[in-house]
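A.B. asks: Sending over a structure as structure tokens; questions will come in a sec.
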């Protein structure tokens, strides 16, 4: 499976949503149906300034890529560009936005609506392993910096664990080929463009656009664009058997 997430999709469905007494904005970037096993999805949340999203958990493994603004998750500060990972049934938060608000991509290998607030909905918690991770902030390269690249570079932010979760950043000079990483034990990998562009299957993916690739997918033809590319690779573990 290869699925693309695009700004065009975002532009067609950005809408206000009510969260408590506050108005957030939500927009899907990647959609792939509602399959309960594999339906990769990415949506952007725009959280207004100085607001609090209560601590909660989800039934699926989840990455969040914070792309603008600042704030905190629990005791940990966040700024652009930070990656946060929470495994299924792992509470995290509260998520507080700073004076400029927060924008973040929520990234899951399986589509899910809503979450479970803590402690109000703790009865929905299930026994099993819990997992947290955070990486960054990642320094996003300018077009001028990308143009100076003469060779590809791979930076591992969180080494891939035995369950298949890992985070890395690849930088590629102009027209350099891109290859999907080893996905042993992973459900797939999300590739999110941080700077420059990636051309894949005749799609020119720009900043914050993305693709999802499953293990065993035939080699995907992809190269960096005319100015090079900087991409985040988010390797998704399989849902633990305790939660299936």
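A.B. asks: Restricting to segment 88-127, count the residues that are crowded, with 22+ Cβ neighbours inside 10 Å, more than 13 Å from the chain's Cα centre (by Cα) and over 22 Å from residue 24 (Cβ atoms).
C.D. replies: 2
A.B. asks: Continuing with the same structure: Given the structure, is residue 230 touching a strand residue (DSSP E or B) at 6+ places or on another chain (Cβ under 6 Å) and either surrounded by fewer than 18 Cβ atoms within 10 Å (Cβ to Cβ) or without any contact (Cβ under 8 Å) to a residue 60 or more places away in the chain (or both)? Step through it out loud before you land on a result.
C.D. replies: Values: touching a strand residue (DSSP E or B) at 6+ places or on another chain (Cβ under 6 Å): yes; either surrounded by fewer than 18 Cβ atoms within 10 Å (Cβ to Cβ) or without any contact (Cβ under 8 Å) to a residue 60 or more places away in the chain (or both): no.
So residue 230 fails the test.
A.B. asks: Follow-up question, since we're still on this one. Going by what's in this entry, would residue 84 be described as more than 21 Å from residue 232 (Cα to Cα) and either at pLDDT 90 or above or assigned by TED's automatic domain parsing to the domain that holds residue 211 (or both)? Before you say what the answer is, go through the steps one by one.
C.D. replies: Values: more than 21 Å from residue 232 (Cα to Cα): no; either at pLDDT 90 or above or assigned by TED's automatic domain parsing to the domain that holds residue 211 (or both): yes.
Considered against the rule, which asks whether it is more than 21 Å from residue 232 (Cα to Cα) and either at pLDDT 90 or above or assigned by TED's automatic domain parsing to the domain that holds residue 211 (or both), residue 84 comes out as no.
A.B. asks: Now, a different point. Applying the selection to segment 156-177, what residues are closer than 28 Å to residue 60 by Cα and either touching a helix residue (DSSP H, G or I) at 6+ places or on another chain (Cβ under 6 Å) or touching a residue at least 24 places away in the same chain (Cβ under 8 Å) (or both)? Break it down into steps so the answer makes sense when it comes.
C.D. replies: Taking segment 156-177 as the starting set, the residues that turn out to be closer than 28 Å to residue 60 by Cα are 156-170.
157, 158, 160, 161, 163, 164, 165, 166, 167, 168, 169, 170 - these are the residues of segment 156-177 that are closer than 28 Å to residue 60 by Cα and either touching a helix residue (DSSP H, G or I) at 6+ places or on another chain (Cβ under 6 Å) or touching a residue at least 24 places away in the same chain (Cβ under 8 Å) (or both).
A.B. asks: If we scan segment 18-28, do we find a residue that is within 17 Å of residue 192 (Cβ to Cβ) and under 18 Å from the mean Cα position of the chain (by Cα)?
C.D. replies: Let us first name the residues in segment 18-28 that are within 17 Å of residue 192 (Cβ to Cβ), namely 27-28.
Keeping just the survivors that are under 18 Å from the mean Cα position of the chain (by Cα) gives 27-28.
Yes; the residues of segment 18-28 include at least one that is within 17 Å of residue 192 (Cβ to Cβ) and under 18 Å from the mean Cα position of the chain (by Cα).
A.B. asks: Something else: How many residues does segment 52-71 contain that are assigned to a strand (DSSP E or B) and either closer than 24 Å to residue 191 by Cβ or not assigned by TED's automatic domain parsing to the domain that holds residue 121 (or both)? Break it down into steps so the answer makes sense when it comes.
C.D. replies: Going residue by residue through segment 52-71, those that are assigned to a strand (DSSP E or B) are 52-53, 56-57, 62-71.
Retained after the next criterion (residues that are either closer than 24 Å to residue 191 by Cβ or not assigned by TED's automatic domain parsing to the domain that holds residue 121 (or both)): 62-69.
Result for segment 52-71: 8.
A.B. asks: Give the residues of segment 128-144 that are farther than 17 Å from residue 232 by Cα and either in contact (Cβ under 8 Å) with a residue 24 or more places away in the chain or within 21 Å of the chain's Cα centre (by Cα) (or both), sorted by residue number. Before you say what the answer is, go through the steps one by one.
C.D. replies: Restricting attention to segment 128-144, the residues satisfying the condition of being farther than 17 Å from residue 232 by Cα are 128-132, 144.
Listed by number, the residues that qualify are 128, 129, 130, 131, 132.
A.B. asks: Can you tell me which residues in segment 191-221 are without any contact (Cβ under 8 Å) to a residue 40 or more places away in the chain and assigned to a strand (DSSP E or B)?
C.D. replies: 193, 197, 198, 199, 204
The values are calculated or read from the model by the stated rules, or taken from the named source; none is laboratory data. In this text, all values refer to a predicted model and were calculated from it rather than measured experimentally. Glycine gets a Cβ as well: all are built from the backbone with ideal geometry, and neighbour counts include every protein chain shown.
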